[in-house]
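S.K.: Quick one: structure below, then a few questions.
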Amino acid sequence: MAKGEIEKTEKITINLGLVDLGQIDLLVQEGFYANRTDFIRTAIRNQLATRSEALDQTAARRTLTLGSSYYTRRDLEEIRDAGQMIHIRVLGLASIADDVSPQLALATIASVEVLGAFRAPTAVKAALAPRTALACVAVITTAARNGLSLSAQAVLPGT
């Protein structure tokens, strides 16, 4: 990965029953999917597509930014100099530049809510921990409702 390039994926672990896994392997062997990951990504995308209207309405109601948001030191300095604070609310990826100090983050970021991935320097994550809402439960609950067994590891700010 080139310097400054943001990773667009997040690794998760899932637990499947042996019969389900065997059926996936059979579909892969028969050429329906390139591999297990291809099958799982396709299944997730299909589920998200069937719920796209609900996702759009919820994102609009909660005023979430869809996609990715990247905050540089300069962005946050301008916010601080204007005497303002921001609420980071993202469905996707929220990133804070490596040169942002914990003090600058605390002076400019009132809250962080990310459904997806939140990337920031360890010290910044630790400083923002009391202001950060984790949303892993929503992913696990949705997957369970759809018959999938997901095991997600939440990395808490500062860990």
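Only the coordinates and a few stated rules stand behind these numbers; no lab work does. Predicted model only: the values in this text are computed from it and were never measured. No Cβ is skipped: glycine too gets one built from the backbone with ideal geometry, and neighbour counts run over all protein chains shown.
S.K.: Using 1/(1 + (r/R0)^6) with R0 = 30 angstrom and r between the beta carbons of residue 133 and residue 56, what's the FRET efficiency to the nearest 0.05?
M.R.: Calculated value: 0.90.
S.K.: Averaging sequence separations of C-alpha pairs under 8 Å and six or more residues apart, then dividing by the length of region 1-131, give the relative contact order as a whole percent. Can you show the working numbers first?
M.R.: Values: 140 pairs, mean separation 23.4, N = 131.
Relative CO of region 1-131 lands at 18 percent.
S.K.: I would also like to ask the following. Under a point spin-label approximation (7 Å from Cα along Cα-to-Cβ), what is the residue 72-residue 111 distance to one decimal in nm?
M.R.: 2.9 nm
S.K.: Same structure again: Given the options 32, 46, 72, identify the residue whose Cα lies farthest towards the positive end of the charge dipole of region 1-107 (+1 on Cβ of Lys, Arg; -1 on Cβ of Asp, Glu).
M.R.: Of the options given, the answer is 46.
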